[in-house]
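Undergrad: Have a look at this one.
The values are calculated or read from the model by the stated rules, or taken from the named source; none is laboratory data. The shown structure was predicted, so the numbers you read here are calculated from the model rather than taken from an experiment. Positions of Cβ are generated from backbone atoms using ideal geometry, with glycine treated the same way; all protein chains shown enter the neighbour counts. Areas reflect the complete protein model, heavy atoms only, side chains present, ligands, DNA and RNA absent. Shrake-Rupley method; radii C 1.70, N 1.55, O 1.52, S 1.80 Å.
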Amino acid sequence: MRKSLGAVVPLLACLLVAPPASAAANSLKDAAAASGRVFGAVAQAARLGDADYTKTLDHEFGQLTPENEMKWNVVERVRGKFDFAAADRLVDHAESRGMAVRGSVLVWHSQLPSWVINIDSGPALLTAVREHVDGVAGHFRGRVDYWNVVNEAFTDTGERRNSVFQQRIGDTWVEEAFLAAEAADPVAKLCYNDYYTDGFGPRSDAVYEMVRDFVARGVPIDCVGFQAHFNSDHRVPVDMGKNLRRFADLGVDVHITELDVTGSGEAQANSYAQVVNACLSVERCTVMTVDGVTDKFSWNVDRTPLPIDSDYGRKPAYYAVLDALNAAAPVPR
Ligand code: XIL
């Protein structure tokens, strides 16, 4: 039965006079969740036994990306012999904590076993790509929320990178990887992921054209990942929000996938805030991920690129991210 207006009006009036104070969240994942977003971290299976590491991982982050454990040279070092031991440990951990999982990465020119590089015909390499994608995405079917299907297919001038896949198969290798991923796991969201695509420029424009073409032709793609690695040579572009928006306007979600900023103090904090605010300015920017749990185990440890320091302390960058997330408006759903 519908409630009578008589009961509803005083309730509304009361809400208007004294809105319930919504307490600011005290973790990155809770702060992001308040606006319907996910805040995650890249993580390492080898560190799961470290109590400080897992405590921070579990408290702060709502999505886990295996750092290296799902890469081709780890999971299929020998053709057809898959080893998912380390990746399974990470996925089990994420599931037991209710975290989302971002798979990284199905097809990438880097961290390849030599047998892949040595395949010298296009059709044979395409078969290997399909079998690899089927083996990996099939193994994790239903357990991976987002797959980085392909990483870094373009150069900084917007050409196709001269990878083994490009050389042997030609331009179609990227869509072939997406088609194979869709067949192996029809539920996971499929993403293209690249670096230095955060603002406008030749590489970002080339990715944009590829995604536009995929969407137009019905090649299955759900999201675009922006790695968001920043340093003194590559600062956060002022047009990052605008760039994210043009991709979102193609009808895909946009994700920040490996965020890190070298440096320290307020300068680092300001860059982090700029990235988070760029994402928050776009409704379809639904996932943000930092490139590690703590500076201690960052591959770039000397440049202290993460929001949490080597003693698991919260840096100014941490508070800049937390405050920006807590100030976000909810995403309309
Ligand atoms: C990096 C890892 O973090 C390192 O541990 C490894 O030695 C090299 O690869 N872009 C990506 C990531 O998509 O997978 C890469 O990760 C960094 C560049």
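Undergrad: What angle, in degrees between 0 and 90 and rounded to the nearest 10, separates the Cα long axis of helix 316-326 from the longest principal axis of the Cα atoms of the chain?
TA: The angle comes out near 70 degrees.
Undergrad: In a shell of Cβ-Cβ distance under 11 Å around TYR192, excluding TYR192 itself, what net charge do Lys and Arg (+1) and Asp and Glu (-1) give?
TA: Numbers: positive: none; negative: GLU152, GLU175, ASP194, ASP222.
Here the charged neighbours net out to -4.
Undergrad: Also, I was wondering about something else. Show me, for the stretch 224-229, the HN-Hα J-couplings you get by feeding each phi into the Karplus relation (A = 6.51, B = -1.76, C = 1.60, θ = phi - 60°), rounded to Hz, glycine and proline as x.
TA: For the stretch 224-229, the Karplus curve yields 10, x, 10, 4, 6, 8 Hz.
Undergrad: At a 1.4 Å probe radius, carbon and sulfur cover how many percent of the accessible area of the chain? The partial results should precede the final answer.
TA: Working: 7580 of 14630 Å².
Looking at the chain in its full context, I get 52 percent from C and S.
Undergrad: Further, regarding this structure: Can you tell which of VAL238, VAL174, ALA278 lies farthest toward the positive end of the dipole of the chain, using +1 and -1 charges on the Cβ of basic and acidic side chains (Lys, Arg; Asp, Glu)?
TA: ALA278
Undergrad: Tell me the accessible surface of ARG303 in square angstrom (1.4 angstrom probe, heavy atoms of protein chains only), to the nearest ten.
TA: Rounded to the nearest 10, that gives 140 Å².
Undergrad: Then there's this: What does the extension gain come out to for ASP239 and THR54, with contour length at 0.36 nm per residue minus their alpha carbon separation?
TA: Values: separation 185, 0.36 × 185 = 66.60 nm, distance 3.54 nm.
Difference between extended and current length: 63.1 nm.
Undergrad: To check you understand DSSP bridge types, tell me what percent of the beta bridges within the chain (both residues inside) are antiparallel, rounded to 5.
TA: Beta bridges within the chain, antiparallel portion: roughly 10 percent.
Undergrad: At 1.4 Å probe size, put ASP291, ASP171, ASP309 in order of accessible surface, largest to smallest. Intermediate results must be reported in sequence, preceding the final value.
TA: Working: ASP291 10, ASP171 95, ASP309 50 Å².
The ordering from most to least exposed comes out as ASP171, ASP309, ASP291.
Undergrad: Using modelled amide H (1.01 Å from N, peptide plane; none on Pro or chain starts), what sits under 5 Å from the amide H of THR65, excluding residues fewer than 5 places away?
TA: ALA41, VAL42, ALA43, ARG102
Undergrad: Now for a different question. Alpha carbon centre of the stretch 60-122 versus the stretch 277-300: separation in Å?
TA: The stretch 60-122 and the stretch 277-300 have Cα centres spaced 20 Å from each other.
Undergrad: With the contact rule set at Cα under 8 Å and sequence spacing of 6 or more, what percent relative contact order holds for the chain?
TA: Working: 620 pairs, mean separation 54.9, N = 333.
Once normalised by length, the contact order is 16 percent.
Undergrad: Here is a further query. Give me the lysines in straight-line cross-link reach of LYS189: C-alpha distance below 27 Å, same-chain residues under 8 apart excluded.
TA: In chain and number order, the partners are LYS29, LYS71, LYS81, LYS242.
Undergrad: What list of ³J(HN,Hα) couplings, whole Hz, do you get for the stretch 158-163 from phi and the Karplus terms 6.51, -1.76, 1.60, once you set θ to phi - 60° and write x for glycine and proline?
TA: Result, rounded to whole Hz: x, 8, 5, 5, 7, 7.
Undergrad: Give a residue-ordered list of calculated ³J(HN,Hα) values for the stretch 185-195 (Karplus: 6.51 cos²θ - 1.76 cosθ + 1.60, θ = phi - 60°; whole Hz; x for Gly, Pro).
TA: Those phi angles translate into 8, x, 8, 4, 7, 9, 10, 9, 10, 8, 10 Hz.
Undergrad: Right, here's the next one. Quick one: grab the alpha carbon gyration tensor of the stretch 35-170, order the square roots of its eigenvalues as a ≥ b ≥ c, and give me rounded if a/c is under 1.5, else prolate or oblate depending on whether a/b is larger than b/c.
TA: On the way: a/c = 2.34, a/b = 1.76, b/c = 1.33.
Prolate.
Undergrad: What's the magnitude of the charge dipole for the stretch 207-277 around its Cα centre, counting Lys and Arg as +1 and Asp and Glu as -1 at the beta-carbon? Answer in Debye, nearest 20.
TA: Details: 6 positive and 10 negative charges, 45 e Å.
That gives the stretch 207-277 a dipole magnitude of about 220 debye.
Undergrad: If SER110, SER104 are ordered by their accessible area, calculated over protein heavy atoms with a 1.4 Å probe, which sequence runs from highest to lowest? Mind dumping the intermediate values first?
TA: Values: SER110 40, SER104 10 Å².
Accessible-area ranking of SER110, SER104, largest first: SER110, SER104.
Undergrad: Can you tell me the alpha carbon radius of gyration of the chain divided by the globular rule-of-thumb value 2.2 N^0.38 Å? Mind showing how you got there, number by number?
TA: Values: Rg = 20.9 Å, N = 333, 2.2 N^0.38 = 20.0 Å.
Scaled against compact globular proteins, the figure is 1.05.
Undergrad: Short version: what are the Cα gyration tensor semi-axes of the stretch 131-287, square root of 5 times each eigenvalue, largest first, in whole Å?
TA: Values: eigenvalues 145, 60, 45 Å².
Taking √(5λ) for each Cα gyration eigenvalue gives 27, 17, 15 Å.
Undergrad: A further question on this structure: Calculate, for SER264 and ARG89, the FRET efficiency according to 1/(1 + (r/R0)^6) with r their C-beta to C-beta distance and R0 25 Å; round to the nearest 0.05. Write down the numbers at each step before the final one.
TA: On the way: r = 32 Å, r/R0 = 1.29.
Efficiency, from the Cβ-Cβ distance: 0.20.
Undergrad: If you place +1 on the Cβ of every Lys and Arg and -1 on the Cβ of every Asp and Glu, how big does the dipole about the Cα centre of the chain come out, in debye to the nearest 20? Please list the in-between numbers first.
TA: Numbers: 33 positive and 44 negative charges, 176 e Å.
It works out to roughly 840 debye.
Undergrad: Compare LYS55, LYS315 by solvent-accessible area with a 1.4 Å probe and give them largest first, with all protein chains kept in place.
TA: Numbers: LYS55 150, LYS315 20 Å².
Putting LYS55, LYS315 in descending order of accessible area: LYS55, LYS315.
Undergrad: Quickly estimate the mean residue ellipticity at 222 nm for the chain, helices only: each DSSP H run with n ≥ 4 gives -39500 (n - 2.57), and the total goes over all residues, rounded to 500. Kindly include the intermediate steps, with their values, before the conclusion.
TA: On the way: 13 runs with 137 residues, N = 333.
Mean residue ellipticity at 222 nm (helix-derived): -12500 deg cm²/dmol.
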